[in-house]
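See below for the structure under consideration.
The values are calculated or read from the model by the stated rules, or taken from the named source; none is laboratory data. Fair warning: this is a prediction, and the values are worked out from it, not measured in the lab. When we count neighbours, we look across all protein chains shown, and the Cβ atoms used for this are built from the backbone with ideal geometry, even at glycine. Calculation scope for accessible area: heavy atoms of the full protein, side chains included, ligands and nucleic acids excluded. Shrake-Rupley method; radii C 1.70, N 1.55, O 1.52, S 1.80 Å.
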Amino acid sequence: MMKIMKSSQIHSETPIEASSAVPRRSRLQEFWRLLKGNSLAFVGLIIFVLFFCAALAGLILTSGTKPVFDPAMVRLQEKLLPPLSSPNLETLRPEEIPKLGVYLFGTDDLGRDVFARMLQGAWVSLTVGFVAVGIAVLIGIFMGGISGYFGQGHIRVDQILAAFVLLLGGGLLAVGAIFSGSALLLIGSAYIFFSRWLKKGLGKQPPPKWMKVFFAGVISIDTLIMRLVDIMLCFPSFFLILTVVALLPASMYNIMIVIGLTSWMGATRFVRAEFLSLREQDFVTAARALGVSNWRIIFRHMIPNAIAPVLVSATIGIATAILTEAGLSFLGFGVPPPHATWGNILSDGKRFIFDAPWLTFVPGFAILLVVLSFNLFGEGLRDILNPKLKERY
Amino acid sequence: MLSFIGRSIIQKIITLFFVSVVSFLIIHLAPGKPSQVDPLNPKFTPEMVERFRKEFHLDKPLYIQYIYFYRNLFTGKTVSWKDNQSALKKIWERFLNSLPLFIVGTILTWTLSFPIGIRSAIFRGGFYDRSSTFFSYLLISIPGFFFAYILIIFVVNSFHVPVIGMETFGIGDPSWPRWLMDRVWHLLLPSVLGATGGIAILSRYVRSQMLEVESQDYVRTARAKGVPEEQVLYKHALRNALLPFVTMFGLILPGLIGGSVIIESIFSWPGMGRMAYEAILARDYPIILTVNFISAVLVLAGTFVSDVLYMVVDPRIRL
């Protein structure tokens, strides 16, 4: 059963085949070879690894009650010093002296060490990028998988009614009408049990005539999900994110969730398209003939084959999410103030753009480098994962 | 064809209805109320709050508010909560301000990205191709606000011209060549910034389209029968590579209303993006919803136009 999977694994696991059919290298080695051949993607990967280490170091070194680099330490007598200038030791208390001995990236208008603030901001950029894209990819795989695999099934009138009753009950509960809300919820869930029992009880018999109206298929699941994607695509994305973030209380988690919830459409479309073509392929038919369960086919056999375009779009999505977060911080809607992010360092520094250009250039170049590395790596990944390039030795 | 048009119009109207419901719900279910903007303001008495709520139907249940709002929108009676001006009139004024930015940006995008993309497809793998690839990644990755400041520093330091706003503050009534130059200088930076991302993405797309078409059989046939290289590239390859771009004309429609929030607020440009931003800050729901609705209409109209154009241009497509 396990052997019927992907063409490459068939080769590696069947000993009867001639040795020429066995790939000379494992998948990972092949991946590494192609990556080293693609210099731009390789540079992107290196920058990304450096950024990851910096963000991790930043999280460890700048948090806690007595951080090594204190990003919030205000030294008004040391304000707006250019990069690499050494602190004036006579005017500072011992705990105020920067640990490196110099202000590596200078200080801002409150005399805070920009290097420490950049370290703190790196972690924000990293988590916002990864968590937002993680949410988007999870929703995308879920929705795209359902619409690609189960898409032909129709939703029946009674199911729509049950969902409507449940939603209405939940809404009423949230508004405060506890009695009617919980009554509706009870009715809805009772109906779900009833319909399960009905399915078991009726078996192969056709349902009675008066119930036919309720069992009529209205809209296929695929259509439903694709229309949902269309609806989401109608919103101007940055404007929508800005609106929601401005209305919600300011916090890093809200930003991640909002960016994630507004960017899953691409992943959904990719997964759906891949699933539609994979579903017709022989290895899926074979797995189904062997009686493999739907979920096992989806998770074990189809998702590994459908993941490549999603990975590429996720890598580029991380770059977009980092840019979006920086833009929100720049407009003043980002992570709330005492916490530093690259966007709000830049936004604070813009008033001193001619006197203290490093306040603009240090975070600006940092964002540029990180976003560039994700874009280059994503584009490289697209080439590497392209099966047309694989067998060429 | 007609049945396709009819079906897609119906579909788009249904989508639009759901978009209007969703955007209405997002705005109205978010925490905080517009009638509680400043509870500490002594001039803001409970009676005034009550009057305000009554005036704008905020005391009614949500679905009635929804009906009121869209009835007002379609009869053109929506007013901004902030200054009681007609929302459509306000949007129209700001739209006229954003229009030059949009036009110059679009012209820059479409005139620059085609030559760049075609040239790098022809000399693929060469120095020009690789450097244009790298620069387009650079332009995609650079945060717009950072690039804006680099350009501002550069232009202000080397040409000594003011760039913020739509025209120099207090310029008075100068002779028309000076007025024109002033407007051009102010227009230049924001529209270049608006166009950079577009140029980078579109030129990459042109390049990949050209490469795709060049590997087709009919191009090889044309070469084999001895058609001059120029003619192969510009007559056989380019014409076919251009097909998807015709449809992209439809997709630039939504850009009309978008306006970049960030660029317009850096340059103090009184355009659509800034108006939307100010409306969000002031919780001016009618303006936010109207902008959202118009942009949804434009997105749907854009996809519709591009579908129809595709059918007109490419005879192989039958829907």
>> Residues that are of a type outside the set (S, T, N, Q), surrounded by 13 or more Cβ atoms within 10 Å (Cβ to Cβ), outside any helix (DSSP H, G or I) and touching a residue at least 24 places away in the same chain (Cβ under 8 Å): does the stretch B:86-100 have at least one?
In response: no
> If B:MET166 passes every condition in (1) over 26 Å from B:SER113 (Cβ atoms); (2) modelled with pLDDT of 85 or more but one, which one does it miss?
Replying inline: (2)
>> Take B:THR109 and tell me if it is within 12 Å of chain A (Cβ to nearest Cβ), open to solvent by less than 40 Å² (accessible area, probe 1.4 Å) and assigned to a helix (DSSP H, G or I).
In response: no
> If you check B:ILE280 against the conditions, is it in contact (Cβ under 8 Å) with a residue 40 or more places away in the chain and under 29 Å from B:LEU188 (Cβ atoms)?
Replying inline: no
> In the stretch A:339-366, what residues are surrounded by fewer than 24 Cβ atoms within 10 Å (Cβ to Cβ), touching a residue at least 24 places away in the same chain (Cβ under 8 Å) and in contact with a Phe, Trp or Tyr (Cβ under 7 Å, 6 or more places away or on another chain)?
Replying inline: A:TRP358, A:VAL362, A:ALA366
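For the stretch B:193-225, how many residues meet the condition of being open to solvent by 50 Å² or more (accessible area, probe 1.4 Å), part of a helix (DSSP H, G or I) and not small (Gly, Ala, Ser)?
Qualifying residue count for the region: 9.
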>> On the basis of being part of a loop (DSSP other than H, G, I, E, B) and either open to solvent by 60 Å² or more (accessible area, probe 1.4 Å) or hydrophobic (A, V, I, L, M, F, W, C) (or both), does A:GLN159 make the cut?
In response: no
> In the stretch A:78-102, which residues are loosely packed, with under 12 Cβ neighbours inside 10 Å and in contact with a helix residue (DSSP H, G or I) (Cβ under 6 Å, 6 or more places away or on another chain)?
Replying inline: A:THR91
> Checking A:ALA306 against (1) of a type outside the set (Val, Ile, Thr); (2) surrounded by fewer than 22 Cβ atoms within 10 Å (Cβ to Cβ); (3) touching a Phe, Trp or Tyr at 6+ places or on another chain (Cβ under 8 Å), which single condition isn't satisfied?
Replying inline: (2)
>> Quick check on B:SER120: is it over 18 Å from the mean Cα position of the chain (by Cα), more than 13 Å from chain A (Cβ to nearest Cβ) and not basic (Lys, Arg)?
In response: yes
> Does A:ILE322 qualify as being closer than 15 Å to A:PHE130 by Cβ, β-branched (Val, Ile, Thr), facing another protein chain (nearest Cβ under 10 Å) and touching a Ser or Thr at 6+ places or on another chain (Cβ under 7 Å)?
Replying inline: yes
> What number of residues in the stretch B:56-70 are at pLDDT below 75 and open to solvent by 80 Å² or more (accessible area, probe 1.4 Å)?
Replying inline: 0
> Within the stretch A:32-71, can you find the residues that are open to solvent by 60 Å² or more (accessible area, probe 1.4 Å), part of a loop (DSSP other than H, G, I, E, B) and among the hydrophobic types (A, V, I, L, M, F, W, C)?
Replying inline: A:VAL68
> Just wondering, is there one or more residues in the stretch B:282-304 that are in contact with a helix residue (DSSP H, G or I) (Cβ under 8 Å, 6 or more places away or on another chain), closer than 30 Å to A:SER329 by Cβ, not hydrophobic (A, V, I, L, M, F, W, C) and not in a helix (DSSP H, G or I)?
Replying inline: yes
> Of the residues A:MET232, A:MET252, which single one is under 24 Å from B:ILE294 (Cβ atoms) and within 18 Å of the chain's Cα centre (by Cα)?
Replying inline: A:MET232
> Name the pairs: first residue in the stretch B:161-177 and within 26 Å of B:LEU193 (Cβ to Cβ), second residue open to solvent by 70 Å² or more (accessible area, probe 1.4 Å) and modelled with pLDDT of 75 or more, Cβ to Cβ under 9 Å, at least 6 apart or on different chains?
Replying inline: B:VAL161/B:MET181; B:VAL163/B:LEU188; B:MET166/B:ARG183; B:GLU167/B:TRP179; B:GLU167/B:ARG183; B:ILE171/B:ARG178; B:ILE171/B:TRP179
>> Whether any residue in the stretch B:169-184 is among the β-branched types (Val, Ile, Thr), buried (at least 16 other Cβ atoms within 10 Å of the Cβ) and either at pLDDT 85 or above or part of a loop (DSSP other than H, G, I, E, B) (or both) is what I want to check.
In response: no
>> Given (1) surrounded by fewer than 21 Cβ atoms within 10 Å (Cβ to Cβ); (2) part of a helix (DSSP H, G or I), identify the lone condition not met by A:PRO336.
In response: (2)
>> Can you pull out every residue in the stretch A:100-144 that is of a type in the set (Ser, Thr, Tyr) and under 19 Å from A:GLY334 (Cβ atoms)?
In response: A:SER125, A:THR127
> Does any residue in the stretch A:240-252 that is more than 7 Å from chain B (Cβ to nearest Cβ) come within less than 7 Å, Cβ to Cβ, of a residue that is of a type in the set (S, T, N, Q) and assigned to a helix (DSSP H, G or I) six or more places away or on a different chain, and which pairs are these?
Replying inline: A:ILE241/A:THR324; A:VAL245/A:ASN254
>> Looking at the stretch A:356-368, can you tell me whether even one residue there is more than 9 Å from chain B (Cβ to nearest Cβ) and part of a loop (DSSP other than H, G, I, E, B)?
In response: yes
>> Please go through the stretch B:228-246 and give me each residue that is open to solvent by less than 30 Å² (accessible area, probe 1.4 Å) and not in a helix (DSSP H, G or I), ordered by number.
In response: none
>> Given the options B:SER295, B:SER306, B:SER268, name the one that is of a type in the set (S, T, N, Q), under 26 Å from B:ILE5 (Cβ atoms) and away from chain A (no Cβ under 12 Å).
In response: B:SER306
> Residues A:ILE322, A:ILE297: which one is under 14 Å from the mean Cα position of the chain (by Cα), open to solvent by less than 10 Å² (accessible area, probe 1.4 Å) and of a type in the set (Val, Ile, Thr)?
Replying inline: A:ILE322
